[in-house]
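Beneath this line is the structure, given in structure tokens, with notes to follow.
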Number of protein chains: 4
Amino acid sequence: MLNQTTKEKINRIVFGTDTKAGRRFDIVLLWLILFSVLAVVAESMPELGMQFPDTFFYIDWVFTIVFSIEYLVRIYAAEKRKKYVFSYWGVIDFLSIIPAYISIFVAGYHYLLVIRVLRLLRIFRILKLIRFTREGQVLLTALRLSMYKISVFIAFIFTFIVLVGTLMYVIEAGNPGFSTIPASIYWGIVTVTTVGFGDIVPYTRLGQMVASAMMLAGYAIIAVPTGIVTAELTKKAYEKNTKQCEKCDQEVKADDCYCSNCGHKIESKV
Amino acid sequence: MLNQTTKEKINRIVFGTDTKAGRRFDIVLLWLILFSVLAVVAESMPELGMQFPDTFFYIDWVFTIVFSIEYLVRIYAAEKRKKYVFSYWGVIDFLSIIPAYISIFVAGYHYLLVIRVLRLLRIFRILKLIRFTREGQVLLTALRLSMYKISVFIAFIFTFIVLVGTLMYVIEAGNPGFSTIPASIYWGIVTVTTVGFGDIVPYTRLGQMVASAMMLAGYAIIAVPTGIVTAELTKKAYEKNTKQCEKCDQEVKADDCYCSNCGHKIESKV
Amino acid sequence: MLNQTTKEKINRIVFGTDTKAGRRFDIVLLWLILFSVLAVVAESMPELGMQFPDTFFYIDWVFTIVFSIEYLVRIYAAEKRKKYVFSYWGVIDFLSIIPAYISIFVAGYHYLLVIRVLRLLRIFRILKLIRFTREGQVLLTALRLSMYKISVFIAFIFTFIVLVGTLMYVIEAGNPGFSTIPASIYWGIVTVTTVGFGDIVPYTRLGQMVASAMMLAGYAIIAVPTGIVTAELTKKAYEKNTKQCEKCDQEVKADDCYCSNCGHKIESKV
Amino acid sequence: MLNQTTKEKINRIVFGTDTKAGRRFDIVLLWLILFSVLAVVAESMPELGMQFPDTFFYIDWVFTIVFSIEYLVRIYAAEKRKKYVFSYWGVIDFLSIIPAYISIFVAGYHYLLVIRVLRLLRIFRILKLIRFTREGQVLLTALRLSMYKISVFIAFIFTFIVLVGTLMYVIEAGNPGFSTIPASIYWGIVTVTTVGFGDIVPYTRLGQMVASAMMLAGYAIIAVPTGIVTAELTKKAYEKNTKQCEKCDQEVKADDCYCSNCGHKIESKV
């Protein structure tokens, strides 16, 4: 019985935010994640990573061990262990420690690139941060809800870019930046998204005219995804001011006292 | 009678999506289109197109023959053949096969550019993809509805750019990028749409001041088309919550039970 | 009496769009304006303007005379002549012909630049086009209504850019693109509006960090003017569905039959 | 008693805008601020600052003394002196004069950079301008209200950029612009915000593909913060059409005459 209680206590600390210990655990973890990401970034700078390779090696292992302990504790304390391990957060927690362990088995200097990529995979620890911001999760939900519409929009834009890119490939033949259709499509993406690096630019007059039409079109159609998301969010804000009648499931305004459909007195607040 | 039934069966498969065979037909076609577009793109890359010209030649004819069969089957199975042939999709289907056939009649190496352009016209097959996404068609409708307003907006922006472009042509006289008014207008479009390639930039102080004012104005007025589309979409979402009174055609809220105009009891749901 | 009728007839043709002759007059004028603007643009191109200077000289005078006749006819036919002359359109019509006449009095080759600028002022004829698009006038109104808010917003952005520009001037001392505060402010405007020419870029690490913060801030705050205009337009669309009670000036919904304030029966439609 | 009245009179002039003297005081101050900022900007230009160093030295001290007098008068006339001194405006007023006084104590040419920075701090006088625009304060409030959501959004974008930046650091190894992770992140910010300077661009095909995906994603997600602010502002505009019942604090529509909750007759107008 005692063991059960200990597990429950730990569960409230590592998963919950309603106890003082739980909040402290979160804050300590937050800083650990930030520092571990900062270590990965700092290691990539020659004046740090090349000067003190050993220091970074040890720092990294300290973080790996700490996050491994966190992972094991979470598995131990999870209500449903299997559910946690295969949940979004379980996978992220696992991925943030596994590269370090794999790098042990990849022996010596033969697979330097593999090790390098493995070490950089630690940067994904930054995803652990999202757990701490409720707003972040709301934003993720908002993005996921508009995701399909946005995907269709991107597919549309991409179709448009493929067509104009091929056109530019024909018009700008001889211009090194437009030597293949994929290169033209790359230029099209850089242009329509209004990034405009300027490493590839049209030289012919006709090319500049087509590019101008493309830019003006792109400038105008950026309004469409914006409008879609806004309308979605406005609708959502509007809908939050309604509740359902308990008797006839009619949707009524949140501050109505009687159902406008059946006259049932509504007790509940939203 | 049997023939008629066969035609109806084929019609359901090639035009409909409500049968298993119809959905399978769509998926096969979807992949065929994607691969045929990919083949056009890949052919433009020297390391592929120059190495295996014959392969691409044969691949292309396979796709052309498959799409020709699809076109003929669609004509055969269409309810109203004439209507299909001159519909948006009929024209797209036709345009996706005709370049290959024309290229036979354009003999030899005399008209290389014509052949090259003809071959690239095959990229328009990508437009066949829109048929498969209902959301794509919704988006097209949304764009078409805002098209007129957006056109007027683009015309406005263009007028603004012509004026500022001419001004910059006077101010930046001697700067190669502003040697003619069309060149200045091209720069103006690149700048106002915030693409900013950087191949043409103002050198004089006055030119930089005018460019600054232009950029700030452009930055602020991008809000206008966005606002127009959003207001349009929000209005649409709002209107979906209304229905018409069956007696007096008065527009009432979707959850109203009695018409606010004539007192008629409304039975229908939206 | 006859004279009066003739004036009224001409008035309907040159100012109105409700008669066949009036619409024809508009269409002819529209093409004349387009061609006259095109002539100005074409003249700036060396391969045309340098080759056929006389042709352009004569073309320009033809347009000037035609627009002069139009101007005189409009003055003659205007209901209130003084009002027309000092109206927006009267001023535009005057400005589109006066540069040509001034250029006669500016003698010889001594004032080449003045003549050049005068000739380019003819480009302002493009503003005559706005008369033909009702939507254009709606857009102008929408812009004018949001103008004050947008101006305040631009002033805000500008204040922000002045501060960051001065900061960059200190940080990037020695970088030629940041040699003076005005140069730094120019760079700031190019960057915050996301144009990003790339002719001036920060070299120091601290400069790149400040620039990064500036870009992210600019990326996020572009949402504000967009939101302002959209909210304005949405409100407008919402308000169009209301009308005022004739008795107590209460604002009621457009489809209400009785004032919700005083019970007065409302006859008028919106 | 007389002294008290004098203080009140001065208070109305320096803090209020409801008297003629108060408005005049504001306008004089507005121009003084603009000219003092202009002086700082002009001094940074070699053809002015290097030519007439003494002139700028004296001009600056004149402004410093004028603003010092303004500061002392404000302290004297403030209703609650302590509150003013530590208010936003009190701090700005103090910061706009203190650099000049500190520069006296920093002796000679030993601390040239310090003096230079101190002198440039005077640019912060521009913040005094915000006091004069009520709309500016509204905008500040609007920004502050959306600040938290926008911060979360920027944090999200930043996380996304850190991940893609690290990926590009691996892919574009050898490309000088991607030599460290911070450099890659800088490139990522320049790209996702669509600034696109073009001083750092991907060279490898894989790098260009990842960059393309990043740009398209960034292009689509700019819709999210725009939508958030718009929904916020639309909600606010909607809420302005409501008032509270005086009896039960129920929120009712601005044009309702009876509370929909308790039937209380509502007298007040919004």
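Extending 7 Å from Cα along the Cβ direction at B:S179 and again at B:M45 yields two label points whose distance is 3.7 nm.
Can you give me the relative contact order of the stretch A:2-132 as a percent, contacts being Cα pairs under 8 Å and 6 or more apart? Value for the stretch A:2-132: 27 percent. According to the Cα-based calculation, Rg over Rh for the stretch A:2-132 is 1.03, with Rh computed by the Kirkwood formula.
With a Förster radius of 22 Å applied to the C-beta separation of A:D18 and A:I75, the computed FRET efficiency comes to 0.55. On the basis of the beta-carbon distance and an R0 of 35 Å, B:W31 and D:I154 show a calculated FRET efficiency of 0.30. Only one residue of D:F25, D:I65, D:I13 has its Cα farthest out toward the positive end of the dipole of the stretch D:2-132, where Lys and Arg carry +1 and Asp and Glu -1 on Cβ, and that residue is D:I13. Each residue in B:D54, C:D26 was given a count of other beta-carbon atoms within 10 angstrom of its own, and listing them fewest first yields B:D54, C:D26. Ranked for footprinting exposure by Cβ neighbours inside 10 Å, fewest first, C:M214, B:M45 give B:M45, C:M214.
Other residues whose C-beta falls under 11 angstrom from the C-beta of A:Y84 contribute a net charge of +3, scoring Lys and Arg +1 and Asp and Glu -1. Going by neighbour counts of Cβ atoms within 10 Å, the residues B:W89, B:W61 line up, fewest first, as B:W61, B:W89.
Any read-out appearing in this document is the output of simple, stated calculations on the displayed coordinates, not a laboratory observation. Keep in mind it's a predicted model, so treat the numbers as computed, not measured. Backbone-built Cβ (ideal geometry, glycine too); neighbour counts: all protein chains shown.
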